[in-house]
Amino acid sequence: MASYRIGIDIGGTFTDFTVVDDERGTVVIDKTLTTPRAPEEGVIAGLDRLERQLPGLLASATEVIHATTLVTNVILERKGARTGLITTEGFRDVLEMAREVRYDLFDMFIRLPEPIVPRSLRHAVSERVLADGGVQKPLDEGQVRAAAKQLQAEGVTAVAIAFLHAYRNPVHELRAAQILREEMPGVMISLSHEVHPEPKEYERTSTAVVDAYVKSVVEGYLDRLSAQLAQRGYARRLLIMLSNGGTATVDTAKRVPVQIVESGPAAGVEAAAFFAKLSGLDRILAFDMGGTTAKLCVVSNGRASRTREFEVDRVHRFKAGSGLPVAVSVYDLLEIGSGGGSIARVNALGLLQVGPDSAGSEPGPVSYGRGGTEPTVTDADLALGYLDPAYFLGGEMTLDLEAARAAIAERIGRPAQLDLTRAASGIHEIVNETMASAARMYVAEKALAPSELTLFAFGGAGPIHAVSLARKLGCPRVVVPPFSGVMSSLGLLAAPIAFERSRAVRRLVGALDLQTIERDFVAIEQDARSQLPEPSQAIIERTVDLRYAGQDYSLEIDAGDSCLGDDVRGLWQRRFVAAYHEFYGKIDDDSPIELASIRVLARQLAPAPRIEPEVPAHPATAKRWRPVHYAQAGGFIDTAVYERDHLQPGQVVEGPAIIEERVSTTVIGPGDQLEVDRSGCLVITLAASGAVATRAAGQARAT
């Protein structure tokens, strides 16, 4: 009897599927084009296709885990509910005042993000809770009722409530919510102290507003998807990937939908950490390049750092401060507008530009034959020989090589006065350099050097660009895991079920009442446990956010298992000083250390995917040869093409070479060497630059 677990990841261009049979150790993967207008249609179409390949799939599945870009898309397209805001008197304009910081000091025509809730739908009511939780002014319930009636008359169906210092004492938010439910039956309500129970009024209010705005859309989508899965025989729970790398039940995701805003990228990080452990790699730079974006994340000892500084709907997509803050725990990764679908054009200055806008899946790259007219990175990769037009998606989708060439020649070559090869090569090199420039800064901010990291490449386009990117960065090797083109959907099956809760404290560490802190920890632990399907099996991780008194930003420090042991204050302070020195390169002996908040992560471990691929009886030989362009050679080299499934563990392949699989293609440069490790990963050791150039030039002349 098969025991299937299914991972489903909706990306900007493709929806990816991974099915693992934990009894047999087999893996089945698939890809379908994403259906942006109704994401569940692409999901169901892919599952129906898998059902034909694996009869009884959903009926015998023990788990379906899903990652989606739905929340982000709803915000970007402004297709959420008509939302109102009720806040403290005097704070009606907090969404526009924001941090009172210009994200670009020298832009005379700076554009700021448009608030989700217009001013006419924001109501300020009389109430005031102090920073210590004391009530200075009672809630004016009459004003709340009047605001509710006005919002209902305006057609509002979702309301965010964000009162000053509600994270310390939520009594007024809770009462206001009761009144809204009485006056506006069926209204969706988000309370700031539930969504983000921490200081910083703008961030907390913005997060509550985003949560309310998307709540009805997420609930409707998850209900429809759950119903369609049930109709097809799936009788178990549907789990949703959270932005912090954990998974949660549908009920939890519907209660706080803002938690799934970055679920797709988190799944990729989980997959990278899983395979890094299998390959014995302590420190990697995970590189996920799909159809729309490229993501990079440092993973050390199987863990990636997290941040709570995240923005959506940026006016300038890759400029911090130009978007709406969402204070949720997300992996600290770098996102770049560089994907297979990134559009190339010649700008007003006559310079070649690639991205950040993408052709997505509708219409997609020119070579997809779906109506696209602007050349993309995928079209350039096809023209350079990296992709086989007859073997895209294992031959299920044929790419139009001539259309790609014509678009590149017309849109890039003619205005830039470049021949076809130089135009296509320019697109490829620019997107690689764009990623390399961003990656250098990102790695430096982590106090690391690229030479210390292995580039771990996945995503549909990642393995094509990985070797060139690693060479530009100075990474000594590249690892391409099995099923690289659908890694995020596989990562869903490796992620634990997890939920995080926090509570603001704001006390000097030396003056802490540790018994009170222990009681607070126990309270939020119980809350976090209650979100898990099996609370008794939870693994609890406690952390504290510490900072020097007077600072605004804190560092997250391991708090241990209890606050009642010996020298807890000293232990926390020593750990903070060490972390501060590592992060900033100095310490401040003159300032006391403050506890900003306490935090709990409750995890329920998922079974590790059991993957036992078949080992070929004989080492693979080249299945064909084709001309492939290499920049260091200055031209095309006749290159051996291998089928990845035919490579044996331990087999060595000398570059240049192309490794094809159904969902991705790996490009190996001249002088580089590939070896297949015991877990099925392709480990590519890069040759020295001088040796590469010399060998490449010789091979190019021979060709």
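Computed from the coordinates by the stated procedures, all read-outs in this text should not be read as laboratory data. No experiment lies behind these values; they were computed from the predicted model shown. Heads up, the Cβs are rebuilt from the backbone with ideal geometry, glycines too, and the neighbour counts pull from every protein chain shown.
Quick notes on this one:
- In Hz, Karplus ³J(HN,Hα) per residue of the range 616-629 (6.51, -1.76, 1.60; θ = phi - 60°; x = Gly, Pro): x, 6, 10, x, 6, 10, 4, 8, 6, 10, 8, x, 10, 8
- FRET efficiency, residue 78 to residue 228 (Cβ-Cβ, R0 30 Å, nearest 0.05): 0.70
- In a fully extended conformation the segment linking residue 624 and residue 402 would gain 77.8 nm over its present Cα-Cα distance, using 0.36 nm per residue.
- Using a Förster distance of 41 Å, the FRET efficiency for residue 608-residue 549 (Cβ separation, nearest 0.05): 0.40
- Principal axis extents of the Cα atoms in the range 58-207, from largest to smallest and rounded to whole angstrom, are 56, 50, 35.
- Distant-in-sequence amide H partners of residue 483 (H built 1.01 Å from N, under 5 Å): none
- Farthest toward positive dipole pole in the range 79-216 [+1 Lys/Arg, -1 Asp/Glu at C-beta], among 212, 115, 156: 156
- Taking every C-alpha pair closer than 8 Å and separated by at least 6 residues, the mean separation divided by the residue count of the range 79-216 gives a relative contact order of 32 percent.
- Extending 7 Å from Cα along the Cβ direction at residue 300 and again at residue 445 yields two label points whose distance is 1.6 nm.
- Along the chain, counting only chymotrypsin sites (Phe, Trp or Tyr not before Pro) with a DSSP assignment other than H, G, I, E or B and at most 11 other Cβ atoms inside a 10 Å radius, the longest segment between sites is 110-552.
- Here the range 497-604 is treated as a Stokes sphere of Kirkwood radius computed over C-alpha pairs; at 37 °C and 0.692 mPa s its diffusion coefficient rounds to 229 µm²/s.
- Residue 417 versus residue 52: modelled label distance in nm, points set 7 Å from Cα along the beta carbon direction: 5.3
- Antiparallel beta bridges, as assigned by DSSP with both residues in the chain, represent about 70 percent of the total such bridges.
- Given charges at beta-carbon only (K, R positive; D, E negative), |dipole| of the chain in Debye: 540
- Dipole of the chain [Lys/Arg +1, Asp/Glu -1 at C-beta], most positive-end residue of 7, 361, 44: 361
- Top positive-direction residue, dipole computed over the range 542-654 with Cβ charges, set 620, 546, 559: 620
- For the chain, the spread of Cα coordinates along the three principal axes comes to 84, 63, 59 Å, biggest extent given first.
- Excluding same-chain neighbours fewer than eight residues apart, the lysines reachable from residue 137 by a Cα-Cα span under 30 Å are 149, 200.
- Pairwise centroid distance, computed over Cα atoms, of the range 145-183 with the range 320-374, Å: 39
- Across the range 139-155, coupling constants 3J(HN,Hα) worked out from phi with the 6.51/-1.76/1.60 Karplus curve, θ = phi - 60°, read 5, 7, 5, x, 5, 5, 5, 5, 5, 4, 5, 5, 5, 5, 5, 7, x Hz, and Gly and Pro carry x.
- Model label points for residue 236 and residue 673, set 7 angstrom from Cα along the Cα-to-Cβ axis, are 4.4 nm apart.
- Between the range 222-247 and the range 32-54, the Cα center-to-center distance that results, in Å: 14
- Pairwise alpha-carbon distances in the range 468-551 exceed 21 Å for 59% of all pairs.
- Helix 462-473 axis versus longest C-alpha principal axis of the chain: approximately 90°, rounded to the nearest ten.
- Dipole magnitude for the range 79-216: about 240 debye, using +1 per Lys or Arg Cβ and -1 per Asp or Glu Cβ, origin at the Cα centre.
- Our estimate of slack between residue 154 and residue 93, defined as 0.36 nm per intervening residue step minus the Cα-Cα distance, is 20.0 nm.
- Amide H to amide H distances under 5 Å link residue 620 with 648, where only residues 5 or more positions off or on other chains count and H is placed in the peptide plane.
- Of the beta bridges in the range 79-216, as assigned by DSSP with both residues counted there, near 15 percent are antiparallel.
- Positive contributions from Lys and Arg (+1) and negative ones from Asp and Glu (-1), summed over other residues with Cβ under 13 Å from the Cβ of residue 393, come out at -3.
- Förster-model FRET efficiency, 51 Å R0, residue 591 and residue 109, C-beta, rounded to 0.05: 0.80
- Whole-Hz Karplus values for the range 560-567 come out as x, 8, 8, 8, 9, x, 6, 6 Hz, taken residue by residue from phi with 6.51 cos²θ - 1.76 cosθ + 1.60 and θ = phi - 60°; glycine and proline positions read x.
- Cβ-based net charge around residue 359, under 15 Å, with every Lys or Arg adding one and every Asp or Glu removing one: -3
- Sorting 586, 31 by the number of Cβ atoms found within 10 Å of their own Cβ, with the fewest placed first, yields 586, 31.
- For the chain, leaving out every one of the GluC sites (Glu not before Pro) that falls in a DSSP loop and has at most 15 other Cβ atoms within 10 Å, the longest unbroken run is 397-613.
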